[in-house]
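Trainee: Quick one: the structure is below, questions incoming.
The values are calculated or read from the model by the stated rules, or taken from the named source; none is laboratory data. Everything numeric in this text was worked out from a predicted model, so none of it was measured. Using ideal geometry, Cβ is built from the backbone for each residue, glycine included, and neighbour counts are taken over all protein chains shown.
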Amino acid sequence: MGDIDARAEDSVLGPAGTPNGERASNGERQPKSSCDPEDTFADAAVSGPEQVATGQADGDPDEGAPRSGADEYLALAQRTQADFENYRKRMAREVDSAKARGVARLAKELLPALDNLERALTAAQTAAAVDAQLIEGLRLVQRELVAALERAGIERYGESGEAFDPALHEAVAHQPVDGAEPGAVVEVYQPGYRIAGAVIRPARVLVAA
């Protein structure tokens, strides 16, 4: 029995009566058991964070995300700027078109009065008893009206000798005229007016046949 107790004590105590894994009296550390739970926990505590940090550094899937987001915002800003520029140009064209339409409507209201003034001026020039100052006054009014229309962008056209254009002229009659080429404007009964290339009123003319 004594021998059995001694061997059991040696299995628990290390050399020199020290517990297994503690330092002996000579200062040397005795090896612990390979299945010591304290060593297992310590190893896991040290190796765990290192493995996590290494995994994030080696294969970070979000590494390119900020750059991709910046490119998307840049493309969106460029599209927005292009859309705004197109909108600004479209609105400018619409404003110009509305302005031209308003001027054309005003011209249509003024042109009959201008026509009557020109007829009165023509009649006064052929009458012998009309005062010369009256004729000059009528001519001055006529010139001022034409100049006002020109300042508004309205162009007067229609001259004898120019080629007949159905988009610009209204043929009152076609007749042979000595010395005139067929299709030429021989006489202008009523001048035409246009704005920005758009005809407000065609010129009424006599065309050589």
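Trainee: I need the full set of residues from segment 155-207 which are over 23 Å from Ala113 (Cβ atoms) and aromatic (Phe, Trp, Tyr), in order please.
Mentor: If the condition is that a residue be over 23 Å from Ala113 (Cβ atoms) and aromatic (Phe, Trp, Tyr), then Phe164 is the only one that fits.
Trainee: Moving to a separate point now. Those residues that are of a type outside the set (Gly, Ala, Ser), surrounded by fewer than 16 Cβ atoms within 10 Å (Cβ to Cβ) and touching a residue at least 12 places away in the same chain (Cβ under 8 Å), I need them from segment 171-186; list them, please.
Mentor: Residues satisfying the conditions are Val172, His174, Gln175, Pro176, Val177, Glu181, Pro182.
Trainee: Filtering segment 128-158 down to residues that are assigned to a loop (DSSP other than H, G, I, E, B) and exposed (fewer than 11 other Cβ atoms within 10 Å of the Cβ), which residue is modelled with the highest pLDDT?
Mentor: Asp131
Trainee: Here's another thing I want to ask about it. Any residue that is among the aliphatic types (A, V, I, L, M) and more than 24 Å from Ser97 (Cα to Cα) - is there at least one of those in segment 186-199?
Mentor: Yes, segment 186-199 contains at least one residue that is among the aliphatic types (A, V, I, L, M) and more than 24 Å from Ser97 (Cα to Cα).
Trainee: Just one of Leu106, Leu110 is touching a residue at least 40 places away in the same chain (Cβ under 8 Å) and part of a helix (DSSP H, G or I); which is it?
Mentor: Leu106
Trainee: If I ask for residues that are within 46 Å of the chain's Cα centre (by Cα), part of a strand (DSSP E or B) and surrounded by 14 or more Cβ atoms within 10 Å (Cβ to Cβ), which ones from segment 187-204 would you list?
Mentor: Of everything in segment 187-204, those that are within 46 Å of the chain's Cα centre (by Cα), part of a strand (DSSP E or B) and surrounded by 14 or more Cβ atoms within 10 Å (Cβ to Cβ) turn out to be Gln190, Gly192, Tyr193, Arg194, Ile195, Val199, Ile200, Arg201, Ala203, Arg204.
Trainee: Continuing with this model, one more query. I need the full set of residues from segment 161-170 which are within 44 Å of the chain's Cα centre (by Cα) and surrounded by fewer than 18 Cβ atoms within 10 Å (Cβ to Cβ), in order please.
Mentor: Glu162, Ala163, Asp165, Pro166, Ala167, Leu168, Glu170
Trainee: Looking at segment 70-111, which of its residues are within 30 Å of Leu145 (Cα to Cα) and small (Gly, Ala, Ser)?
Mentor: Across segment 70-111, the qualifying residues are Ala92, Ser97, Ala98, Ala100, Gly102, Ala104, Ala107.
Trainee: How many of the residues in segment 55-93 are among the acidic types (Asp, Glu), part of a helix (DSSP H, G or I) and modelled with pLDDT under 90?
Mentor: So the count comes out to 3.
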